[in-house]
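Structure, as C-alpha coordinates:
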Amino acid sequence: MKGHIKEGMSVIDFGCGPGYFTMEIARMLNNSGKVIAADLQDGMLDIVRNKINGSGFENIIELHKCGEDNTGINEKADFVFAFYVVHEVPNHDNFFNEIYSLLNAVGKFYIVEPNFHVSKSEFEEMINKLKSFRFEIIDRPKIFFSRAVLVGKTGNV
Ligand SMILES: C[S@@+](CC[C@H](N)C(=O)[O-])C[C@H]1O[C@@H](n2cnc3c(N)ncnc32)[C@H](O)[C@@H]1O
(Lines give C-alpha, C1' and ligand atoms only; values in the text may rest on other atoms or scores of the structure.)
Protein backbone atom coordinates (compact mmCIF):
# COMPACT_ATOMS: atom_id res chain seq x y z
CA MET A 1 0.00 0.00 0.00
CA LYS A 2 2.90 2.31 0.88
CA GLY A 3 4.25 3.95 -2.25
CA HIS A 4 0.88 3.77 -3.98
CA ILE A 5 -1.11 6.03 -1.67
CA LYS A 6 -0.09 9.62 -2.15
CA GLU A 7 -1.18 12.93 -0.65
CA GLY A 8 -4.39 14.31 -2.11
CA MET A 9 -5.78 10.95 -3.17
CA SER A 10 -9.28 9.74 -2.60
CA VAL A 11 -9.08 6.25 -1.07
CA ILE A 12 -11.80 3.74 -0.25
CA ASP A 13 -11.05 1.38 2.63
CA PHE A 14 -13.61 -1.22 1.62
CA GLY A 15 -14.68 -3.55 4.44
CA CYS A 16 -12.84 -1.26 6.85
CA GLY A 17 -13.87 -3.25 9.95
CA PRO A 18 -12.63 -1.45 13.09
CA GLY A 19 -10.60 0.96 10.96
CA TYR A 20 -7.01 -0.04 11.59
CA PHE A 21 -6.09 0.62 7.97
CA THR A 22 -8.44 3.60 7.71
CA MET A 23 -6.28 5.44 10.25
CA GLU A 24 -3.06 4.29 8.56
CA ILE A 25 -4.29 5.55 5.19
CA ALA A 26 -5.35 8.88 6.74
CA ARG A 27 -1.81 9.23 8.12
CA MET A 28 -0.33 8.54 4.67
CA LEU A 29 -2.56 11.21 3.14
CA ASN A 30 -1.10 13.74 5.58
CA ASN A 31 -4.32 15.65 6.00
CA SER A 32 -5.01 15.96 2.30
CA GLY A 33 -7.41 14.01 0.11
CA LYS A 34 -9.95 11.70 1.64
CA VAL A 35 -10.58 8.20 3.02
CA ILE A 36 -13.97 6.61 2.72
CA ALA A 37 -14.26 3.95 5.43
CA ALA A 38 -16.90 1.60 4.05
CA ASP A 39 -18.46 -1.36 5.81
CA LEU A 40 -21.65 -3.35 5.97
CA GLN A 41 -21.83 -3.37 9.75
CA ASP A 42 -23.01 -0.36 11.73
CA GLY A 43 -21.04 -1.68 14.71
CA MET A 44 -17.76 -1.45 12.78
CA LEU A 45 -18.55 2.05 11.57
CA ASP A 46 -19.29 3.06 15.19
CA ILE A 47 -15.85 1.82 16.23
CA VAL A 48 -14.22 3.80 13.42
CA ARG A 49 -16.28 6.87 14.38
CA ASN A 50 -14.90 6.65 17.93
CA LYS A 51 -11.37 6.30 16.60
CA ILE A 52 -11.74 9.35 14.39
CA ASN A 53 -13.01 11.56 17.20
CA GLY A 54 -10.10 13.61 18.46
CA SER A 55 -7.64 12.01 16.02
CA GLY A 56 -7.19 15.12 13.91
CA PHE A 57 -8.44 13.20 10.87
CA GLU A 58 -12.08 14.21 11.28
CA ASN A 59 -11.99 16.26 8.08
CA ILE A 60 -10.59 13.61 5.79
CA ILE A 61 -12.34 10.42 6.90
CA GLU A 62 -15.88 9.78 5.78
CA LEU A 63 -17.92 6.82 6.98
CA HIS A 64 -20.05 4.90 4.53
CA LYS A 65 -22.54 2.11 5.13
CA CYS A 66 -22.49 -0.39 2.26
CA GLY A 67 -25.50 -2.30 1.00
CA GLU A 68 -25.61 -6.12 1.02
CA ASP A 69 -25.15 -6.34 -2.75
CA ASN A 70 -23.34 -3.15 -3.64
CA THR A 71 -21.02 -0.63 -2.08
CA GLY A 72 -23.48 2.17 -2.74
CA ILE A 73 -20.57 4.59 -3.11
CA ASN A 74 -21.24 7.08 -5.84
CA GLU A 75 -18.06 9.06 -6.20
CA LYS A 76 -14.82 8.30 -8.00
CA ALA A 77 -11.74 7.13 -6.14
CA ASP A 78 -8.02 6.88 -6.87
CA PHE A 79 -7.40 3.79 -4.80
CA VAL A 80 -9.57 1.01 -3.40
CA PHE A 81 -8.12 -1.06 -0.58
CA ALA A 82 -9.82 -4.35 0.32
CA PHE A 83 -8.11 -6.22 3.14
CA TYR A 84 -9.45 -9.65 4.10
CA VAL A 85 -12.91 -8.89 2.78
CA VAL A 86 -13.36 -9.87 -0.88
CA HIS A 87 -14.02 -13.54 0.02
CA GLU A 88 -16.94 -12.28 2.14
CA VAL A 89 -18.54 -10.41 -0.76
CA PRO A 90 -21.35 -12.59 -2.14
CA ASN A 91 -21.19 -11.64 -5.83
CA HIS A 92 -17.74 -10.93 -7.25
CA ASP A 93 -19.07 -10.09 -10.71
CA ASN A 94 -21.17 -7.22 -9.37
CA PHE A 95 -18.44 -6.16 -6.97
CA PHE A 96 -15.60 -6.01 -9.52
CA ASN A 97 -17.84 -4.27 -12.01
CA GLU A 98 -18.77 -1.65 -9.42
CA ILE A 99 -15.16 -1.10 -8.34
CA TYR A 100 -14.14 -0.70 -11.98
CA SER A 101 -16.64 2.10 -12.43
CA LEU A 102 -15.75 3.72 -9.10
CA LEU A 103 -12.06 3.98 -9.99
CA ASN A 104 -10.55 6.86 -11.90
CA ALA A 105 -8.83 5.95 -15.19
CA VAL A 106 -5.47 5.48 -13.48
CA GLY A 107 -6.96 4.25 -10.21
CA LYS A 108 -5.71 1.13 -8.46
CA PHE A 109 -7.41 -1.69 -6.62
CA TYR A 110 -5.49 -3.58 -3.96
CA ILE A 111 -6.83 -6.90 -2.70
CA VAL A 112 -5.33 -8.84 0.20
CA GLU A 113 -6.90 -12.14 1.23
CA PRO A 114 -6.08 -14.51 4.11
CA ASN A 115 -4.42 -17.68 2.82
CA PHE A 116 -6.22 -19.72 5.50
CA HIS A 117 -9.60 -18.76 3.98
CA VAL A 118 -8.75 -18.36 0.31
CA SER A 119 -6.83 -21.16 -1.41
CA LYS A 120 -4.25 -20.53 -4.10
CA SER A 121 -6.66 -21.72 -6.79
CA GLU A 122 -9.54 -19.63 -5.42
CA PHE A 123 -7.28 -16.59 -5.48
CA GLU A 124 -6.17 -17.33 -9.06
CA GLU A 125 -9.83 -17.63 -10.00
CA MET A 126 -10.43 -14.21 -8.44
CA ILE A 127 -7.57 -12.77 -10.49
CA ASN A 128 -8.95 -14.29 -13.68
CA LYS A 129 -12.28 -12.73 -12.89
CA LEU A 130 -10.58 -9.37 -12.33
CA LYS A 131 -8.98 -9.69 -15.76
CA SER A 132 -12.36 -10.46 -17.33
CA PHE A 133 -13.56 -7.18 -15.82
CA ARG A 134 -10.75 -5.31 -17.64
CA PHE A 135 -8.33 -5.13 -14.75
CA GLU A 136 -4.64 -5.74 -15.34
CA ILE A 137 -2.10 -6.93 -12.77
CA ILE A 138 0.39 -4.32 -11.58
CA ASP A 139 1.99 -6.30 -8.79
CA ARG A 140 1.65 -9.44 -6.69
CA PRO A 141 3.00 -8.21 -3.32
CA LYS A 142 4.26 -10.79 -0.85
CA ILE A 143 2.46 -10.50 2.47
CA PHE A 144 2.66 -12.93 5.40
CA PHE A 145 -0.20 -15.43 5.63
CA SER A 146 -1.88 -13.68 2.71
CA ARG A 147 -2.44 -13.59 -1.02
CA ALA A 148 -2.31 -10.15 -2.56
CA VAL A 149 -2.72 -8.46 -5.89
CA LEU A 150 -2.62 -4.86 -7.06
CA VAL A 151 -4.52 -4.14 -10.26
CA GLY A 152 -5.35 -1.16 -12.43
CA LYS A 153 -7.55 -0.60 -15.45
CA THR A 154 -6.27 -2.34 -18.56
CA GLY A 155 -4.32 0.08 -20.72
CA ASN A 156 -3.67 2.44 -17.80
CA VAL A 157 -1.23 0.55 -15.60
C1 LIG B 1 -12.28 -9.71 8.29
S2 LIG B 1 -12.92 -8.11 8.43
C3 LIG B 1 -11.54 -7.13 7.87
C4 LIG B 1 -11.60 -5.72 8.40
C5 LIG B 1 -10.48 -4.78 7.98
N6 LIG B 1 -10.33 -4.72 6.54
C7 LIG B 1 -9.19 -5.16 8.62
O8 LIG B 1 -8.36 -5.78 7.97
O9 LIG B 1 -9.00 -4.83 9.81
C10 LIG B 1 -14.06 -7.96 7.09
C11 LIG B 1 -14.92 -6.74 7.15
O12 LIG B 1 -15.59 -6.60 5.89
C13 LIG B 1 -16.93 -6.25 6.11
N14 LIG B 1 -17.73 -6.73 4.95
C15 LIG B 1 -18.03 -8.00 4.62
N16 LIG B 1 -18.76 -8.03 3.49
C17 LIG B 1 -18.94 -6.75 3.11
C18 LIG B 1 -19.62 -6.13 2.04
N19 LIG B 1 -20.28 -6.84 1.12
N20 LIG B 1 -19.61 -4.78 1.96
C21 LIG B 1 -18.94 -4.07 2.88
N22 LIG B 1 -18.27 -4.58 3.92
C23 LIG B 1 -18.27 -5.92 4.05
C24 LIG B 1 -17.30 -6.92 7.42
O25 LIG B 1 -18.39 -6.27 8.02
C26 LIG B 1 -16.00 -6.78 8.21
O27 LIG B 1 -15.97 -5.59 8.96
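Taking a ≥ b ≥ c as the square roots of the Cα gyration tensor eigenvalues, with a/c under 1.5 meaning rounded and otherwise prolate when a/b beats b/c, else oblate, which class fits the range 1-110?
oblate
In percent, how large is the relative contact order of the range 1-62, given Cα pairs closer than 8 Å and 6 or more residues apart?
This gives 37 percent for the range 1-62.
In terms of the ratio Rg/(2.2 N^0.38 Å) built on C-alpha atoms, what value belongs to the range 111-157?
After normalising by residue count via 2.2 N^0.38 Å, the value is 1.13.
Could you pull out the GluC sites (Glu not before Pro) across the range 61-119 that fall in loop regions by DSSP (anything but H, G, I, E, B) with no more than 11 other Cβ atoms inside 10 Å?
Hits after loop and neighbour filter: 68, 75.
Each label point is 7 Å from the Cα along the Cα-to-Cβ direction; what then is the distance between the points at residue 125 and residue 58, in nm?
Once both label points are built, they end up 4.7 nm from each other.
Of 76/120; 51/129; 51/131; 2/120, which sit over 28 Å apart, Cα to Cα?
76/120; 51/129; 51/131, as the Cα separations exceed 28 Å there.
Per-residue ellipticity at 222 nm for the chain, helices alone: DSSP H runs ≥ 4 residues times -39500 (n - 2.57), over residue total, nearest 500 deg cm²/dmol?
When only DSSP H runs of four or more count, the value is -8500 deg cm²/dmol.
Using only Cα atoms, locate the centre of the range 56-70 and the centre of the range 104-123, then give the distance between them in Å, rounded to an integer.
Each part reduced to its Cα centre gives a spacing of 21 Å.
Can you tell me, using C-alpha contacts under 8 Å and at least 6 residues apart, the relative contact order of the chain as a whole percent?
It rounds to 19 percent for the chain.
For residue 34, which aspartates and glutamates qualify as cross-link partners when the Cα separation must be under 15 Å and same-chain residues fewer than eight apart are set aside?
Filter leaves 7, 13, 24, 58, 62, 75, 78.
Just how much of residue 132 is accessible, in Å², when a 1.4 Å probe is used and the result is rounded to the nearest 10?
Residue 132 has an accessible surface of roughly 80 Å² with all protein chains in place.
State, in angstrom, two size descriptors of the range 70-142 derived from its alpha carbons: Rg to one decimal place and Dmax to the nearest whole number.
Reported Rg and Dmax, both Å: 11.9, 33.
Please compute the modelled spin-label separation between residue 70 and residue 27, points set 7 Å along Cα→Cβ, answer in nm with one decimal.
3.6
The values are calculated or read from the model by the stated rules, or taken from the named source; none is laboratory data. Computed from a predicted structure; not experimentally measured. Cβ sites come from the backbone with ideal geometry, for glycine too, and all protein chains shown count toward neighbours. What goes into the accessible areas is simple: the full protein's heavy atoms, side chains included, and nothing from ligands, DNA or RNA. Shrake-Rupley method; radii C 1.70, N 1.55, O 1.52, S 1.80 Å.
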